[in-house]
Structures are given as structure tokens and as C-alpha cells.
Amino acid sequence: MLSGKNIILGITGSIAAYKAACLIRAFVKRGAEVQVVITPAGKEFITPLTLATLSRHPVISEFFSNRDGTWNSHVDLGLWADAMLVAPASASTIGKMANGVADNMLITTYLSCKAPVFVAPAMDLDMYAHPSTQQNLAKLRSYGNYIIESETGFLASGLEGKGRMSEPDDIVKVLEGFFSSRRELRRKKILITAGPTYEKIDPVRFIGNYSSGKMGFALAEACAGRGADVTLVSGPVTLKTLHPSVKRIDVESADEMHDEAVRIFPSCDLAILCAAVADYRPEQRIMEKIKRGRNDALTISLVSNKDIAATLGNDKRTDQMLVGFALETNDELTNAKEKLQRKNFDMIVLNSLNDVGAGFGYDTNKVTLIDKYGREMELPLQSKTEVAEKIVDYLVHMCLQMQSP
């Protein structure tokens, strides 16, 4: 997918600059041409000799390389590239990119670039969380740049938190996905819900379920890989989003997920409701921790949560599609088909807890796809990534059916 592609790799002053060597090697191995543009501060962290050896091209840092009248044209570079990747992107460079401060070769190249631009931030957790950094990242997104989210982990400062540059293998996958020929969902806007919801009993206890969110996150990556703009509304999970076309919104309760889904759905072409939403919540939330009393019995009165699927099914327009999930333990097909009709779904994905290796927590899944036309497709046990691709294949086919006269 990257063979024959011209990639500008921008490197800035960050300890994560050492990862650039792995990026260059991976791109070259896949047949891409790599031109490194490095800031003066970046050269303090990794030598141009290393980068030039790996990329097989002289490293560009200054406008004027010699005193003989020759110069490096950022305009020519911007026209040459199929993609520009800034990795690592320091807080300083992100700020300059967002505000057009063209004081070095990397920034002028960015401003001249006609190709898609990917940005992989790398900095300490407080710098990353600072409102100015987040505002600058939001600006870059609004300009059409793709932000490859930082990871949470140990940082060079010795602290632990969000700010680590995404790993080179993951960054390469993002660019491979972008250049994939499978772009059937380009310009489609898709809402996906994923993970569990937590319904608070008191400040330290909640009602929840075992959902890991893996299936929903796999679907988000699969849809983004086909060119869609995905909004992923996720309950509390430890997973990370990878593709820059996935916008993630974290929520905790069913009410919060309902409100986000209702807000987002009108602007979407398709919604996939993969989350394991709690049907009930405590009628009354205790504001202080419940203490063990003399009586071991504790009664909690529950009330129904808002039904996200029913709400969206009722609001769905004729130009929209709605996909639901059904996790069943008995009478699986009958229950799934009844839910398909009742919620006004276009398709439902049936899981059975009776299938070994399927359901909560596993990296694999075994599902049956049932659409509103009465067609069924049973998929064998396979990885959730493979299941997600098969589901998206089916949805692409249904989208084409909707468009045909």
C-alpha cells in the first residue's frame, strides 16, 4: 500500500526522535521514498547521518545548505509528497503548525504541502494536557490534518500518563490504512457505540458488565480504514483508538451515551450500536459510601435507562442505516429477529454466549448477521478484527443497495 509513495518525515526536538529510525526503516521496507526534514532541535536527539543512511537521502534542516546560492525548496517538497508525517511532533512545533509560524524548514514545508498531513504528538503529560496544546491540536484537526493520538505510559520525565508518541508499527498501519485501495465508505459519517456503561450506586460502587469494547473498537478501525469519518462513543475501557479518522468521545453512564448518540446521529449516514448498555440504573444514587450495617441485606431499587436503540430507530431517516447487536443466551435467532423488528434496525449482529470463544472479553468472536430483508450470514470463529471487516463488507453491500434505483 505504501510502495511508490513519497513521504516527508518531519522530526522535531523530542526524546521520541529515536523512533524515527524505525519509521524510516518500515517505510523503506514497504517500498516508499522517505525525505527527512528535521528541526534544529531535532538534531540534538538523533543525528542526520543516521537518518540519511536509513532513508538513502540527504537530510534537510536548513533553507540554505551551502553558501553557493543553492537552497532547499519547501514548495517543491510539498508538491513531491504523497503524505507528510510529523513524528515526533513537539508542543512547540504543533503550536507553530497551528498558527502558521513559519520560522524553520519543517513548518514552511508543512504550509506548502498539498498532500495529507499526519501528526504524532510526543511530550510530557502536563504539556499534552495543557489547554493551549489541546486547542492547537483541535486547530490542526479543523485544518484537515490527521492526529495520531498519543499513548499513555511511562514518559522520559519519569512520570506516567498520556503523551508518549504512538509506536512506529501503529503509525505505519495508519498510513497503510489511509492509502488502502478499499475506500468504499469515503465521505460517509458513521457513529459507533462501544464498551460497557457504569451506573453508579455510590461513590465507589457501580452496576456494569463484562464488555471490553474490543468489537466496537475493531469496527471503528475497519470503517475508518475504508475512508469513513467515525465518531466512537465509548464507555469505560482501556483500549486506544488508532486511526486518525476516528473521533473518540468517552462517557460513563447510559444516560451520557444516550445523549451523545442522539446528538450525533442526525448528521450520520450510519450508526452501529455495539455498546453493552446497562438496561437499569439505581433509582437513587447514594452520595456517600454505603457502610456495612448490622443487617447484611442491602436492597437497591432499579429503574430503566433510556433506550438508545429505540430512540435512534424511531428517529432514523430513510437515507440512514442503523445496525444493532444482540447478545443472547437462549432462543438466539428468535430473539435477535424480534429485536431487529422492534428497534427498526437495518441489520443485527447476533452473539451467543453459548459459543466458545465469543462474547465478552475474548479477542475472537462468532456472529450471525441478519438483515431486514430476511437474509442470514453465519460467520465462523475468528478474530474480532476479521469479524469487523466482514461486517463492514456486508454494510458496504447494503449501502450500494440503498443507492441503487
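The values are calculated or read from the model by the stated rules, or taken from the named source; none is laboratory data. This one's a predicted model, so the numbers in the text were calculated from it and none came from an experiment. Cβ: placed from backbone, ideal geometry, glycine included. Neighbour counts: every protein chain shown. Keep in mind that these areas ignore ligands, DNA and RNA; they rest on the heavy atoms of the full protein, side chains included. Shrake-Rupley method; radii C 1.70, N 1.55, O 1.52, S 1.80 Å.
Below are the figures for this structure:
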{"quantity": "Segment 94-114, subset assigned to a loop (DSSP other than H, G, I, E, B) and surrounded by fewer than 17 Cβ atoms within 10 Å (Cβ to Cβ), residue modelled with the lowest pLDDT", "calculated": "Lys114"}
{"quantity": "Top-ranked residue of segment 361-388 - restricted to ones that are of a type in the set (Gly, Ala, Ser) and farther than 18 Å from Asn335 by Cβ, ranked as surrounded by the most Cβ atoms within 10 Å (Cβ to Cβ)", "calculated": "Ala388"}
{"quantity": "Positions within segment 161-180 being among the hydroxyl-bearing types (Ser, Thr, Tyr) and modelled with pLDDT of 90 or more, in sequence order", "calculated": "Ser166"}
{"quantity": "Segments classed as strands (runs of 3 or more DSSP E), wholly inside segment 339-405, with at least 2 members that are β-branched (Val, Ile, Thr) and at pLDDT 85 or above", "calculated": "347-352, 367-371"}
{"quantity": "Some residue of segment 320-339 being open to solvent by less than 70 Å² (accessible area, probe 1.4 Å), over 28 Å from Glu260 (Cα atoms) and either free of Cβ contacts under 8 Å to residues at least 40 places away in the same chain or of a type in the set (Lys, Arg) (or both)", "calculated": "yes"}
{"quantity": "Meets criteria (small (Gly, Ala, Ser), at pLDDT below 90 and at negative phi) for Ser132", "calculated": "no"}
{"quantity": "Residues satisfying the stated conditions in segment 183-201, i.e. of a type outside the set (A, V, I, L, M, F, W, C) and either surrounded by 16 or more Cβ atoms within 10 Å (Cβ to Cβ) or free of Cβ contacts under 8 Å to residues at least 12 places away in the same chain (or both)", "calculated": "Glu184, Lys188, Lys189, Thr193, Gly195, Pro196, Thr197, Tyr198, Glu199, Lys200"}
{"quantity": "Evaluation of Ala310 against (1) open to solvent by 60 Å² or more (accessible area, probe 1.4 Å); (2) of a type in the set (A, V, I, L, M, F, W, C); (3) more than 25 Å from the chain's Cα centre (by Cα) (one fails), failing number", "calculated": "(1)"}
{"quantity": "Any chance Ala41 is touching a residue at least 12 places away in the same chain (Cβ under 8 Å), small (Gly, Ala, Ser), on the phi < 0 side of the Ramachandran plot and buried (at least 17 other Cβ atoms within 10 Å of the Cβ)", "calculated": "no"}
{"quantity": "Close pairs (8 angstrom Cβ cut-off, 6 or more residues apart or separate chains): open to solvent by less than 10 Å² (accessible area, probe 1.4 Å) in segment 208-222, assigned to a helix (DSSP H, G or I) and not aliphatic (A, V, I, L, M) anywhere", "calculated": "Ala222/Thr385; Ala222/Glu389"}
{"quantity": "Residue within segment 371-380 that is of a type in the set (Phe, Trp, Tyr) and in contact (Cβ under 8 Å) with a residue 60 or more places away in the chain present", "calculated": "no"}
{"quantity": "Enumeration of residues in segment 1-38 that are aromatic (Phe, Trp, Tyr) and open to solvent by less than 10 Å² (accessible area, probe 1.4 Å)", "calculated": "Phe27"}
{"quantity": "Any hit, segment 26-33, residues being at pLDDT 95 or above, part of a helix (DSSP H, G or I) and touching a Pro at 6+ places or on another chain (Cβ under 7 Å)", "calculated": "yes"}
{"quantity": "Qualifying residue in segment 62-83 (condition: outside any loop (DSSP other than H, G, I, E, B), surrounded by 18 or more Cβ atoms within 10 Å (Cβ to Cβ), at pLDDT 90 or above and of a type outside the set (Gly, Ala, Ser))", "calculated": "no"}
{"quantity": "Residue check, Ala358 under 19 Å from Phe217 (Cβ atoms), surrounded by 18 or more Cβ atoms within 10 Å (Cβ to Cβ) and in contact with a helix residue (DSSP H, G or I) (Cβ under 6 Å, 6 or more places away or on another chain)", "calculated": "no"}
{"quantity": "Where Ala276 falls short, out of the listed (1) under 22 Å from Lys339 (Cα atoms); (2) at pLDDT 95 or above", "calculated": "(2)"}
{"quantity": "Residue list for segment 230-258, restricted to those being of a type outside the set (Ser, Thr, Tyr) and at pLDDT below 90", "calculated": "Lys240, Leu242, His243, Pro244"}
